[in-house]
Amino acid sequence: MDFTVNAKSYPAPAKLNLFLHVVGRRPDGYHLLQSVFRFLDYGDRLHFKLRQDGRVTRTTDLPGVPQEKDLVVRAARLLQEATGCTLGVDIAVEKHLPMGGGLGGGSSDAATVLLALNRLWHLALPRVELQRLGLQLGADVPVFVFGESAFAEGVGELLQPVSLPPAWYVVIVPAVAVATAEIFAAPELTRDTTSIKMCDLSTAQLRNDLQAVVCARYPEVATCLNWLEQFGNARMTGSGACVFAEFATQHEAHQALARKPAKWQGFVAQGLDRHPLRDYAD
Ligand SMILES: C[C@](O)(CO)[C@H](O)COP(=O)(O)OP(=O)(O)OC[C@H]1O[C@@H](n2ccc(N)nc2=O)[C@H](O)[C@@H]1O
Ligand SMILES: Nc1ncnc2c1ncn2[C@@H]1O[C@H](COP(=O)(O)OP(=O)(O)OP(=O)(O)O)[C@@H](O)[C@H]1O
């Protein structure tokens, strides 16, 4: 996959939640989480054409997502409102990430808009300000702006960098889309996992608390997980539906993917330490 950054075209990488614990719930219903986020060298690609008339448009179709609701359009408009910027933009989205996949596609697209337009519109907003704006668009947006592998707390906005060993991942994309809100609203979801400290990450028992709920409601996800488990520890990312397993080498990951049943979609990706647009804000 082309992950270069150039003047008009910018990557929006996928994320994995290497684990995801639900440790509580805020009065407004949002859940308090603990997670480690890692970016992948696989994702969407966004193309920008600046406009002088202040209009923000999406020039590509995204089935089921009208332009006004698209996170890329909302991110650009939010940036205009926050800064009074009078420039506009046409945004084309080359979509590779599945929607409702738990790979953070929409959130990553939004973060790439914030980071790229911060430079293209010469706004020079500091990173923390872009993270704050991102949080208004979704709980997963701030980490993409943060730009490094991170231990996340709160609803995903309290971020500390973590150092992770090199790794490759096989990601299986079950043929179902899972709505995040449905899973967080499930009565059977456990919301009382004991909080861990960042220094305990290497010894703690880690899992994805949303996984049992998704597997029970979407058996296809459970089937994919069972298959992946033959290669070691397999887990779901975010609120699903995608599941992944980690490998020490690219070769081992490709060997595993080659054994995938033909009817399933999947890919191999390398874990990144930094977002490709990490340097687009200070
Ligand atoms: C599951 C994760 O992907 C893990 O990284 C994220 O927590 C989800 O982040 P996201 O897709 O950006 O989610 P949002 O668009 O902010 O929220 C979608 C819906 O999920 C629920 N939600 C989301 C995040 C959170 N910490 N608690 C929640 O209860 C809320 O009902 C919300 O209305
Ligand atoms: N640019 C966009 N790309 C994808 N989805 C978008 C976009 N803009 C808005 N959405 C909406 O956001 C929803 C979630 O899409 P997304 O691709 O972020 O799912 P996800 O990978 O499950 O996210 P997460 O990991 O944050 O739960 C979609 O179902 C769609 O309605």
request  = Quick one: which residues, 5 or more positions from THR60 or on another chain, have an amide H under 5 Å from its amide H? H modelled 1.01 Å from N in the peptide plane, none for Pro or chain starts.
outcome  = VAL93
Separation in nanometres of the label points that stand 7 Å from Cα toward Cβ, at GLN67 and GLU182 = 2.9
key: Two-site label geometry, MET1 and VAL23: point separation in nm, points 7 Å out along Cα→Cβ   = 2.9
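Take each uninterrupted DSSP H stretch in the chain, measure its Cα extent along the helix axis, and return the ones at 20 Å or beyond whose mean Kyte-Doolittle hydropathy is at least -1.0. Don't jump to the answer; show the numbers that get you there.
Numbers: long enough: 105-120 (22 Å, 0.64).
Span-like helices here: 105-120.
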query = Could you give the semi-axes, largest first, of the ellipsoid that matches the stretch 160-222, computed as the square roots of 5 times the alpha carbon gyration tensor eigenvalues and rounded to whole Å?
reply = 25, 19, 10
request  = Would you work out which of LEU123, GLY102, PRO165 lies farthest towards the positive end of the dipole of the stretch 102-171, given +1 charges on the beta-carbon of Lys and Arg and -1 on that of Asp and Glu, about the Cα centre?
outcome  = LEU123
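Across the chain, how many lysine pairs, 8 or more apart or on two chains, come within less than 19 Å at their alpha-carbon atoms?
Working: LYS8/LYS49; LYS8/LYS95; LYS15/LYS95; LYS49/LYS95; LYS69/LYS95.
Lysine pairs meeting both conditions in the chain amount to 5.
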message = Loop only by DSSP, 12 or fewer other Cβ within 10 Å of the Cβ. Give me the trypsin sites (Lys or Arg not before Pro) in the stretch 180-282 that pass, ordered by residue number.
response = LYS197, ARG259, LYS263
inquiry  = I want to verify a result. In a Gaussian network model of the chain, Cα cutoff 10 Å, which of these has the top mean-square fluctuation: ASP192, ASP44, ASP53?
reply    = ASP53
ask   = Under a 5 Å amide H to amide H cut-off, with H placed in plane at 1.01 Å, what residues pair with LEU32 once short-range neighbours are removed?
value = VAL23, GLY24, ARG25, ARG26
Note, ³J(HN,Hα) from phi for the stretch 23-35, Karplus 6.51, -1.76, 1.60, rounded to Hz, x at Gly and Pro = 10, x, 9, 7, x, 7, x, 5, 9, 8, 10, 10, 7
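For a footprinting-style exposure proxy, rank HIS31, HIS21, HIS122, HIS96 by other Cβ within 10 Å, fewest first.
Placing the least packed residue first, the sequence is HIS122, HIS96, HIS31, HIS21.
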Rounded FRET efficiency, nearest 0.05, which uses the C-beta distance separating ALA175 from GLN52 and R0 of 41 Å = 0.40
task = Based on other C-beta atoms within 10 Å, arrange CYS199, CYS85 from fewest to most.
result = CYS199, CYS85
message = Counting other beta carbons within 10 Å of each residue's own, what order do MET236, MET1, MET99 fall into, fewest first?
response = MET1, MET99, MET236
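Using alpha carbons only, what's the Rg to Rh ratio of the stretch 114-235 with Rh from Kirkwood?
Details: Rg = 17.4 Å, Rh = 17.3 Å.
My calculation puts Rg/Rh at 1.01.
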request  = Name the shape class, rounded, prolate or oblate, that the alpha-carbon gyration tensor gives for the stretch 44-146, where a ≥ b ≥ c are the square roots of its eigenvalues, rounded holds for a/c under 1.5, and otherwise prolate holds if a/b is larger than b/c and oblate otherwise.
outcome  = oblate
ask   = Of GLN211, LEU50, PRO142, which is farthest along the charge dipole of the chain in the positive direction, counting Lys and Arg as +1 and Asp and Glu as -1 at C-beta?
value = LEU50
request  = Quick one: what are the phi-derived ³J(HN,Hα) couplings along the stretch 207-216, Karplus 6.51/-1.76/1.60 with θ = phi - 60°, whole Hz, x for glycine and proline?
outcome  = 7, 10, 5, 7, 4, 4, 5, 5, 4, 5
request  = Taking only Cα atoms and a 10 Å spring cutoff, compute GNM fluctuations for the chain and point out the largest among SER35, SER239, SER202.
outcome  = SER202
request  = For the stretch 1-42 and the stretch 128-169, write down the distance between their C-alpha centroids in whole Å.
outcome  = 6
key: Percentage, to the nearest whole number, of Cα pairs in the chain over 37 Å apart   = 11
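Rule-based calculations on the coordinates, nothing more; no lab input. Predicted model only: the values in this text are computed from it and were never measured. As a convention, Cβ positions derive from the backbone with ideal geometry for all residues, glycine included, and neighbour counts pool all protein chains shown.
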